[in-house]
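To keep things clear, I will list the structure first and then write my remarks on it.
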Amino acid sequence: MGLTRPAGLPVRGRTALVTGASSGIGAATAAELGSRGCRVVLVGRDERRLAEVAGRTGGQPLPADLTDPAGLDRVAAAAREADLLVHSAGIGWAGDLDSMPAERIAALAAVNLTAPMLLTRAALPQLRRRRGHVAFVASIAVVGVAGEEVYSATKAGLRAFAAGLRHQDGIGVTTVFPGAVRTPFFAGRRYDRRFPRMVGPREVAEALVRGVERGDAEVFVPRWLIAPARLQGALPGTFHRLARRFG
């Protein structure tokens with residue numbers, strides 16, 4: 001770990017682009033940014049929900065599918081005008097890896113990892129000029145979760161991309177690692193793990209915006225999740241024995 005603290009970004013008066021803004025963490029982040037005087041561009045696939053979020057937050061809806069090249073191009077054009085990018089869009093899948101459809105693997109990689117990389121690349125000139133900031137919504141699943149191997153891999157890749165991006169001059173980078181969050185991600189799924197406890201999307205959004213404004217490199221929600229993340233990095237064998245016993 002030991003990451004250098006990037007410069008913080010006061011969000012008032014700035015323009016933010018938030019992906020995954022039609023629900024969950026993205027919608028909550030849009031609301032938090034709007035309440036702090038930030039102009040927000042809302043990106044999502046569900047036009048009806050996006051319009052509802054726009055009505056609540058005063059944000060500008062931009063319907064787009066990040067797996068579609070044309071949709072990605074539209075979002076990239078908007079990202080070139082932003083001071084803050086919040087990569088909140090994400091999809092998941094849980095089950096036995098050998099039964100996971102190949103197209104679902106491709107979709108997770110496209111939305112969770114490829115889209116944030118391409119949109120960040122498109123926005124870099126503007127971010128450097130404005131000393132802007134990029135925020136990534138990763139997951140505590142970066143430690144490796146049974147039955148969610150592909151999802152874990154995409155979020156671990158996002159963390160590595162963010163770490164490399166911190167070497168860019170003139171921009172700040174914050175990565176947020178939520179545990180289980182009450183969002184559509186868990187719709188129709190029973191959450192029966194003993195820990196971490198589920199948190200609400202607003203709790204994650206507030207931590208994300210605080211992290212951006214303070215210039216935090218990494219933010220864990222809840223904060224105690226930093227302990228298993230550190231243990232997995234330092235002693236992976238011990239971590240996975242404990243995870244199998246208590247997970």
| message | Could you tell me how many of the residues in segment 98-135 are free of Cβ contacts under 8 Å to residues at least 12 places away in the same chain, closer than 14 Å to Q168 by Cβ and of a type in the set (A, V, I, L, M)? | response | 0
| remark: Residue set G92, G44, G71; condition closer than 27 Å to V150 by Cα and buried (at least 24 other Cβ atoms within 10 Å of the Cβ); output residue G44
| request: Kindly list the number of the only condition in (1) in contact with a helix residue (DSSP H, G or I) (Cβ under 6 Å, 6 or more places away or on another chain); (2) more than 19 Å from L124 (Cα to Cα) that fails for V41. | output: (2)
| Got at least one residue in segment 52-64 being surrounded by fewer than 15 Cβ atoms within 10 Å (Cβ to Cβ), hydrophobic (A, V, I, L, M, F, W, C) and either modelled with pLDDT under 95 or more than 19 Å from G13 (Cα to Cα) (or both)? | no
| From the list G92, G147, which one is closer than 23 Å to R202 by Cα and modelled with pLDDT under 95? | G92
| remark: A141: passes all of (1) at pLDDT 95 or above; (2) assigned to a helix (DSSP H, G or I) but (1)
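The values are calculated or read from the model by the stated rules, or taken from the named source; none is laboratory data. Every value quoted in this text rests on a predicted model; they were computed, and no experiment measured them. Using ideal geometry, Cβ is built from the backbone for each residue, glycine included, and neighbour counts are taken over all protein chains shown.
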